[in-house]
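What follows is calculated from the coordinates using simple rules that are stated; it is not laboratory data. Predicted, not measured: the structure shown is a model, and the values here were computed from it. Counting neighbours? That spans all protein chains shown, and the Cβs are built from the backbone with ideal geometry, glycine included.
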Amino acid sequence: MHRQKLIMGLVLLLLGAGALPSSAMDAAARPSAVAADPVAADPAAADPVSSGSVATPEAAPVVTPRTPPGAGSAPWGASVRTFRGWAFDTCMVPPRDTMRRWRKSAYQAVGVYYGGRGRACPHQKGLNRAWTRAVNRMGWRVLPVYVGSQSPCVVARQKKEVRIGRHPWRQGVREGKDAVRRAARLGIRSHSPLYLDMEAYRYRKGGCARTTLAFVRGWDREVHRRGYVPGFYSSAESGVRHMEEARRAGVRDLPAVIWFARWHTRPHLYREPALRRVAWRPERRIHQYAGNVKERHGGRTLVIDRNLVHAPVARIG
């Protein structure tokens, strides 16, 4: 009888151990989805967006960045400062008081159009070294944007007056030098990103594409040579597709960071159809997912573009 009870006890114990499904056991042993999948780590990846509307940063929490296992490492060391979270950009640099009041928002980074002959707002009142240091002390991360010469086949009519000339590589080098010089004046130190803004262009036109790419590569090489990180902003369906095609073709001196504009969609980093999932990752993507929207925080209203960021930000000193 004692032996029978002992055998029955062992059987029940084994059955009890098997009562937990293998999938549940596997889940208990796996790391969290945020740590394993960069898509799941998007702060608003699961946030629904109704037709004709866009998500706001308040709709989802900012997720602390974690490099997914097996995704490789970023092409820079600790000297480059990176950030993951929400950012906004606006044509005119906001006054310091507005930046202080907007600390109540979900945004933690700001895009600043600090230089370039193609800027829509060329006269940035209040933008100087004191401004960048002040917002840096407030806790803001800065994304420096340089709007230089534009593609010969640029779509926007107002940008046609600043098109790339007959010597695109040399012009790119010259403007890359200017981008670094202007950044340094604002206290933006080396190992900071500088984002070249190239508005939408008809990249399938062969001659135009070659001219534009030569300019971008010259700009990238000069910015990199001078100790900064070259980034690139454009529409997903023009400049970004162009850079992706160049990357797949093995072209050198391409941007180290890609900032793609695709509006009226959910904010995401790794589901952009113009880019292969293996391209520009990790810590090398920004998605501008909405533009020209009004927001009010701390009693101050701005017209902004909204961005989701996992990329380098400026080192200010």
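Within the same chain, lysines fewer than 8 places from Lys205 are excluded, and of the rest, those with a Cα less than 18 Å from its Cα are Lys159, Lys160. May I ask you to derive the FRET efficiency for Glu237 and Arg181 from their Cβ-Cβ distance with R0 = 30 Å, giving the value to the nearest 0.05? It comes to 0.40.
The alpha carbon radius of gyration of the stretch 124-191, expressed as a multiple of 2.2 N^0.38 Å, is 1.37.
Restricting the calculation to Cα atoms, the stretch 224-271 yields a radius of gyration followed by a Dmax of 12.1, 37 Å. Put simply, the Cα atoms of the stretch 143-265 extend 37, 37, 32 Å along their principal axes, the longest span coming first.
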